[in-house]
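Structure first, then comments.
The values are calculated or read from the model by the stated rules, or taken from the named source; none is laboratory data. Keep in mind the model is a prediction, meaning the values are calculated, not measured. Backbone-built Cβ (ideal geometry, glycine too); neighbour counts: all protein chains shown. What goes into the accessible areas is simple: the full protein's heavy atoms, side chains included, and nothing from ligands, DNA or RNA. Shrake-Rupley method; radii C 1.70, N 1.55, O 1.52, S 1.80 Å.
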Amino acid sequence: MIDDESRVLGGALSRDGVAAEVALAEVRRLRSGDRPTHGGRLFAYVYDPAVPGLDDLAAAAHRESAHVNGLDPTAFPSLLAMENALVGAAGRVLGGGPGTAAPDVVGSVTSGGTESLILAVKTARDAHPEITAPRIVVPSTAHAAFAKAAHYLRVALDVVPVPVTTLRPDPAAMAAAIRPETVLVACSAPSYAHGVVDPVAEIAAVAADAGVRCHVDACFGGWTLPYLRRLGEPVPAFDFAVPGVTSISVDLHKYAYAPKGVSVLLHRDAALRAPQYFAYADWPGYTMINPVIASTRSGGPIAAAYATLRHLGDAGYLRLATVTRDAVAGLADAVRAVDGLRLMAEPESTVVCFTATEGGPDLFVLVDELTARGWHTQPQLSYAGLPSSVHLTVTAAVAPRVAEFGPDLVEAVAAARAAGPVRLPAELAALVGALTPEALTPELVVGLAAGLGLGGQADGDGSGAGPLPERMALVNTLLDAAPPALRERLLVEFVGLLQRPTW
Ligand SMILES: Cc1ncc(COP(=O)(O)O)c(C=O)c1O
């Protein structure tokens with residue numbers, strides 16, 4: 001018999017619960033250690049339009065629908081209506097709908113870009129049950145979610161390297177990679193890492209010639225490129241106006257500025273979408289019929305996205321795109337003005353990505369110096385002939401901060417030069433040079449993590465070493481020295497060290 005008094009509780013579960021204000025205060029205290037989601041100083045992970053009142057509107061809409069279940073659209077017609085309205089908006093923004101070259105566009109609301117891409121691959125795969133070993137063709141700059149999709153769905157991934165000079169795939173190389181088993185060709189508008197738009201029209205044409213579907217990953221840029229084009233920027237054709245484009249993904253939780261958990265996957269017509277659905281009636285419960293991966297899903301994110309779009313409207317997005325375009329131009333100018341840095345590509349969307357020139361500062365030290373000055377950028381490791389780089393996702397909230405960035409960048413570069421490049425301790429360098437993923441033992445991982453200052457325990461009051469070192473340059477340098485397969489393995493192990501229950 002279990003004695004209720006002696007039952008051991010832990011983690012978030014207390015014996016009698018705590019007062020509501022205590023629970024909320026705990027959340028707020030934990031949140032205070034996060035990177036700042038507002039204020040225009042975080043250049044990855046969050047998309048902030050800095051529109052007064054928008055957060056409150058989205059939170060109120062989320063609350064209205066948080067307990068609604070998208071499992072069954074007939075039980076909750078409100079969700080079906082909001083999803084259809086979001087798909088209609090996305091379809092319109094991306095060149096589809098009545099009166100266009102793609103009048104029959106249909107789609108679904110998913111939980112994010114990764115889910116949209118997994119479903120695009122699944123749909124293409126399941127359209128060809130006769131192909132027993134299906135493959136997809138992607139440029140090496142395509143988002144990692146395609147690799148995840150291929151892995152989850154047991155589809156082979158044919159990666160086409162991009163020339164370092166253009167950072168975008170050569171359509172002839174994409175064509176050459178298509179095989180009889182290819183079910184999908186993909187490209188980006190734009191790529192996340194460098195923000196460049198692939199030659200979609202040419203790639204869609206070679207896919208169509210081969211009778212293969214073509215997906216445009218516009219998760220990042222699908223909501224900004226059309227507005228940038230209206231502002232006069234030279235945005236190449238990338239949407240349903242392009243013949244041969246069969247599906248497009250666009251994340252509303254990025255540049256539609258909705259809270260997290262909403263992306264849209266569009267197909268040119270319902271027949272192309274059909275294999276996306278999963279239906280199952282062969283059990284005694286309700287017949288399952290899902291367009292997306294999740295079964296039960298909260299209406300909260302969908303309602304929040306709906307309210308966000310309704311409130312901002314077309315004119316609001318055009319204004320936000322104007323502000324963002326100007327911020328991008330200002331940040332790119334700030335980079336150009338610094339000796340030792342160069343842009344990886346001229347900005348064509350809302351990314352500024354730069355690297356160091358010969359004799360320039362150590363980029364990983366620079367990233368730490370920027371962090372110390374309150375600028376949170378994203379380091380990107382060197383890969384296949386591409387140098388390491390620093391990625392800035394620019395949103396409208398950055399605009400008022402641009403003038404402060406330039407002087408801080410100059411200072412941070414000077415500090416990084418003064419500090420000099422990171423030197424891996426000889427034993428770590430030797431280890432990473434000799435290690436293979438298979439040779440990594442738990443003891444080695446613990447030793448490496450300790451050498452890098454990873455995985456320590458914060459004290460109850462938040463003091464103590466904490467799980468991450470204050471400066472990440474050493475960790476990034478070690479990862480940069482490792483080949484991709486070892487990077488993956490090391491990160492799995494390191495993150496595993498962080499993800500431990502609190503008792
Ligand atoms: C081009 C592109 N595709 C897909 C994704 C994946 O989106 P999510 O993180 O919402 O799953 C991203 C995320 O940054 C992206 O930039």
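So which residues in the range 199-241 are aliphatic (A, V, I, L, M) and part of a helix (DSSP H, G or I)? Correct list: VAL200, ALA201, ILE203, ALA204, ALA205, VAL206, ALA207, ALA208, LEU225, LEU228. Based on what the data block shows, is SER140 in contact with a Ser or Thr (Cβ under 6 Å, 6 or more places away or on another chain), touching a residue at least 40 places away in the same chain (Cβ under 8 Å), polar (S, T, N, Q) and within 30 Å of ALA176 (Cα to Cα)? No: the conditions fail for SER140.
Only residues that are open to solvent by 40 Å² or more (accessible area, probe 1.4 Å) and within 23 Å of the chain's Cα centre (by Cα) were counted across the range 199-219, and they come to 0. The single residue among ALA124, ALA102, ALA150 that is open to solvent by less than 30 Å² (accessible area, probe 1.4 Å), among the small types (Gly, Ala, Ser) and under 20 Å from the mean Cα position of the chain (by Cα) turns out to be ALA150.
Entry remark, the range 263-286: residues being of a type in the set (A, V, I, L, M, F, W, C), touching a strand residue (DSSP E or B) at 6+ places or on another chain (Cβ under 6 Å) and not in a helix (DSSP H, G or I) number 5 in total. Taking the criterion of being open to solvent by less than 40 Å² (accessible area, probe 1.4 Å) and under 33 Å from the mean Cα position of the chain (by Cα), the residues of the range 276-293 that qualify are GLN276, ASN290, PRO291, VAL292.
The residues of the range 180-198 that are assigned to a loop (DSSP other than H, G, I, E, B) and either among the polar types (S, T, N, Q) or away from the ligand (no atom under 16 Å from the Cβ) (or both), listed by number, are PRO180, GLU181, SER191.
Yes or no, residue by residue, for (1) at pLDDT 95 or above; (2) touching a Lys or Arg at 6+ places or on another chain (Cβ under 8 Å); (3) charged (D, E, K, R):
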residue	(1), (2), (3)
VAL323	yes, no, no
GLU346	yes, no, yes
LEU370	yes, no, no
HIS376	yes, yes, no
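Restricting the range 199-246 to residues that are of a type in the set (Lys, Arg) and touching a residue at least 24 places away in the same chain (Cβ under 8 Å), the residue that is nearest to the ligand (Cβ to nearest atom) is ARG213.
Across the range 122-148, the qualifying residues are those that are part of a helix (DSSP H, G or I) and more than 12 Å from the ligand (Cβ to nearest atom), and the one among them that is farthest from TYR192 (Cα to Cα) is ASP126.
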